[in-house]
1. Which condition does LYS252 not pass, out of (1) in a helix (DSSP H, G or I); (2) closer than 24 Å to LEU318 by Cα, if it passes all the others?
2. Being under 30 Å from THR205 (Cβ atoms), of a type in the set (Asp, Glu) and surrounded by 13 or more Cβ atoms within 10 Å (Cβ to Cβ) is the requirement here; does GLU141 meet it?
3. Residues ALA189, ALA202, ALA176, ALA208: which one is in contact with a Cys (Cβ under 6 Å, 6 or more places away or on another chain) and either basic (Lys, Arg) or part of a helix (DSSP H, G or I) (or both)?
4. Please go through the range 255-297 and give me each residue that is under 30 Å from GLN163 (Cβ atoms) and either of a type in the set (S, T, N, Q) or in a loop (DSSP other than H, G, I, E, B) (or both), ordered by number.
5. Condition first: in contact with a helix residue (DSSP H, G or I) (Cβ under 7 Å, 6 or more places away or on another chain), modelled with pLDDT under 90 and either of a type in the set (Val, Ile, Thr) or assigned to a helix (DSSP H, G or I) (or both). Now tell me which residues in the range 94-118 satisfy that.
Amino acid sequence: MNELQTRDYQTGEDTLVWTTQTEQLGLFARIAREFTETWIACGAFEWIALGYLALSSVLITIFAENLVHPLRLIATQAGVAILILVLCRVEAGAAERTNWLCESFSYRFWHIWRHWYPHLFFLFCFEEMGRLVHLVNPRWEDAKLIAFDHWLTGVNPSLWLEQFTHPALTEFMQFAYFTYFLYLLILGAILYYQRDFESYWAVMTYSAAGYVFGYVIASLFPVQSPWFTLAGQWHGELVGGPFTGLINLIEKYGRVHGAAFPSQHVAGAMAALLGAWRHRRWLFWIFLPFVACMCVSTVYVRNHYVADVFGGMLTGTLGNVVGGWVMTRYRTVTEPRHNIQLGESL
């Protein structure tokens, strides 16, 4: 190979290396840009949800010896986090391609999923607590709550209430217990229908913060609930009507052994109740008597101690305060401009 050919070969080789490096830098830049846009598409709710998944994964790694299949749990949480990020990015992309005067089917589809997936996230986290309840503490701490209830009331409330059981009362209490599933759905549906998306995401953020406080406490202080701890001490099962049958069916397939303290039922109801107070005051007064009855029903139907109820009130209220502070401080509602304009025109 002569000098000219050698120079041409080296020049071609340098060009190839330069092209490869440029392509790599371009790929990294695209990945970085996509990640940035995905993060921008997230709001306060995602900050809390993804933060909880990250904290939970760290705790699973640290206390892996206390769990069965810890790697599977971490992989599941990573998968959930990826789904959340992808959903946020896809919905944001669909919004960018949509004319606010004529929303496409694709945009409406992803918009609905983007706004209503939090309910599925809450359900996932609660069911997962059945595997994380002994993450840190291998013992059940029910005895402490039984002692607290006796100190506060002078009796064991779950056992004491049995003297008042009646099919009609049981049916009412089971109905009151069932209303927990409706509060956030009703409030969210009203805010979503009225396109008050800032209030909608505020309420979801209150709920997420309250639930996260509860999940973390439950993994540090495992409690079974009276249903398990006091099994065999009642004189009979609770007998009622359709709502009793419905709750029994739900509990049969969805009951979590543990995570009773604080009561996530009460925490979620409190978050929705206080969210109604902030954003739809008239709905607060409708919710209030049902929430009060639901708090009593959790003890009557033998799922919670009185201490669980107080714990749920505290974490639900704390979630409202923290979630409200985050929303006010950082204004973290990420809604496309055309949605705001359309909402204002309605």
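The values are calculated or read from the model by the stated rules, or taken from the named source; none is laboratory data. Here the structure is a predicted model, which is why all the values come from computation and not from measurement. Cβ sites come from the backbone with ideal geometry, for glycine too, and all protein chains shown count toward neighbours.
1. Every condition holds for LYS252 apart from (2).
2. Details: under 30 Å from THR205 (Cβ atoms): yes; of a type in the set (Asp, Glu): yes; surrounded by 13 or more Cβ atoms within 10 Å (Cβ to Cβ): yes.
The answer is yes for GLU141.
3. The match here is ALA176.
4. Hits for the range 255-297 are ARG255, VAL256, HIS257, GLY258, ALA259, ALA260, PHE261, PRO262, SER263, GLN264, SER297.
5. ALA94, ALA95, THR98, SER106, TYR107, TRP110, HIS111
Matching residues to (1) small (Gly, Ala, Ser); (2) touching a strand residue (DSSP E or B) at 6+ places or on another chain (Cβ under 7 Å); (3) closer than 14 Å to ASN303 by Cβ:
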site	(1), (2), (3)
MET173	no, no, yes
LEU182	no, no, no
ALA209	yes, no, no
GLY232	yes, no, no
LEU246	no, no, no
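Conditions (1) free of Cβ contacts under 8 Å to residues at least 12 places away in the same chain; (2) outside any helix (DSSP H, G or I); (3) at negative phi; (4) of a type outside the set (Phe, Trp, Tyr), marked per residue:
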position	(1), (2), (3), (4)
LEU120	yes, no, yes, yes
LEU123	yes, no, yes, yes
GLU127	no, no, yes, yes
ASN137	no, yes, yes, yes
ASP149	no, no, yes, yes
LEU161	no, no, yes, yes
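Okay, residues lined up against (1) within 30 Å of TRP47 (Cα to Cα); (2) buried (at least 19 other Cβ atoms within 10 Å of the Cβ); (3) modelled with pLDDT of 90 or more; (4) β-branched (Val, Ile, Thr):
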{"residue": "TYR211", "(1), (2), (3), (4)": "yes, yes, yes, no"}
{"residue": "GLY214", "(1), (2), (3), (4)": "yes, yes, yes, no"}
{"residue": "ILE217", "(1), (2), (3), (4)": "yes, no, yes, yes"}
{"residue": "LEU220", "(1), (2), (3), (4)": "yes, no, yes, no"}
{"residue": "GLY232", "(1), (2), (3), (4)": "no, no, no, no"}
{"residue": "HIS235", "(1), (2), (3), (4)": "no, no, no, no"}
{"residue": "LEU238", "(1), (2), (3), (4)": "no, yes, no, no"}
{"residue": "ILE250", "(1), (2), (3), (4)": "no, no, no, yes"}
{"residue": "GLY254", "(1), (2), (3), (4)": "yes, no, no, no"}
